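Read-outs throughout are calculated quantities, based only on the coordinates presented, and are distinct from any laboratory measurement. Being a predicted model, the structure only gives us computed values, none of them experimental. Here the Cβ positions follow ideal geometry from the backbone for every residue, glycine too, while neighbour counts run over all protein chains shown.
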Amino acid sequence: MRFLLDAEQRAFADSLHAMLTAADTPTVVRDWSRGDHASGRALWRRIAAAGVFGLAVPEEYEGLGQHPVELAVAFVELGRHAVPGPLVETVAAAVLLGEDRPAKRFLPQLAAGETLATVAAPTGYALDGDAATLHLAPTGEGLLLSPGPGPVRPCLDPARRLTPLAPGGELLTPGPPHADAVTWARLATAAQALGVGLALLDRTVAYVGQRTQFGVPIGSFQTVKHRLADAKIALEFARPLLFGAAISLHPADVAAAKLTACEAAYATARTALQLHGAIGYTAEYDLSLWLTKARALRTAWGTPGECRDAVLEGAG
């Protein structure tokens, strides 16, 4: 089976790519890492105006209807440009808030980009709690609206600012959290990771074509070609798994896509770092914005081991 985007989906991806290229996202990422959210919020509103968050919100709550394939298309581009913020968490929040009363209260603002949502992980930490305006905490008793975040904790990716959420808060929905939220979050994470890997590969191919040793570009060396070819194959293998999972939305398919895309992005990051040499280790060099994100996404919304368990459980 071939998973090819149609003309409308390709045009959507191209429009996002053009918008994000013009937005100078490396500068936005560095502002966000320092806790300056002004440029990030401005970009967030533009992303929302393009309909990205509406792809996870039903039409009756002013969204575009739930379109997982188009959401995956969008998140590939968000990853390709290293857009900061609780992007995946906002998608998860849209699914968690699917009940009538919370949906009417929060989903229109999520779709419009007026609200940035974050969701506490099982570890108790939430991504970008200092920037988010809606803090959700899934617990055994139900979904809680947390009163706010605690102090920012350091993270491998400086643009992913982790904060604990304050205990207690308003009970929005009783009972166990919506299991589909994890599936949607893993799908968005997989797409974001694929975009990160593609950006790393593109930047590395350009770099090895410019850097010379022994009077020739290092990209002409057979070993370098093999490393880049391996990265390309891994990323292209992840692509149909991603869009196949977006079509089925089966938890095992999505877990397989997340595992494959994140491992491919992580392997590409290692190749990119090795082929860039010493400059790849410097925080001032833009490559670092994607290197750290590839590592962080690998364990976000499910470690490799957890995703493998989900695949095996679905196969059984």
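The table below lists the values:
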quantity	calculated
Computed helical MRE - 222 nm, the chain, DSSP H runs ≥ 4 contributing -39500 (n - 2.57), nearest 500	-19000 deg cm²/dmol
Translational diffusion coefficient (Stokes-Einstein; Kirkwood radius from C-alpha pairs) of segment 7-177 at 4 °C, 1.567 mPa s, in µm²/s	80 µm²/s
Whether segment 1-76 is rounded, prolate or oblate, judged on the alpha carbon gyration tensor where a/c under 1.5 counts as rounded	oblate
³J(HN,Hα) computed for each position of segment 117-126 - Karplus, 6.51 cos²θ - 1.76 cosθ + 1.60, integer Hz, glycine/proline x	10, 9, 10, 5, 7, x, 6, x, 9, 10
Filtered chymotrypsin sites (Phe, Trp or Tyr not before Pro), segment 214-248: DSSP coil and at most 12 other beta carbons within 10 Å	F214
Ratio of the Cα radius of gyration of segment 93-147 to 2.2 N^0.38 Å, where N counts its residues	1.07
Proximal charge balance of L235 [Cβ under 11 Å; K/R count +1, D/E count -1]	-2
Alpha-carbon Rg with Dmax, taken over segment 180-314, Å	16.0, 55
Neighbourhood charge, 9 Å Cβ-Cβ cut-off, centred on W32 and excluding it, Lys, Arg +1 and Asp, Glu -1	0
Amide H within-cut-off set for T173, under 5 Å, with H built and near neighbours excluded	L143
Euclidean distance of C-alpha centroids, segment 277-305 and segment 41-113, integer Å	24 Å
Sequence of I218, I233 once ranked by neighbouring C-beta atoms within 10 Å, starting from the fewest	I233, I218
Sum of side-chain charges, A255 neighbourhood, beta-carbon under 15 Å (Lys, Arg +1; Asp, Glu -1)	-2
Order by protection proxy (mean Cβ within 10 Å, highest first), peptides 39-46, 91-98, 25-32, 275-282	91-98, 25-32, 39-46, 275-282
Simple label model, 7 Å out from Cα along Cβ direction - S15 to S220, nm	4.4 nm
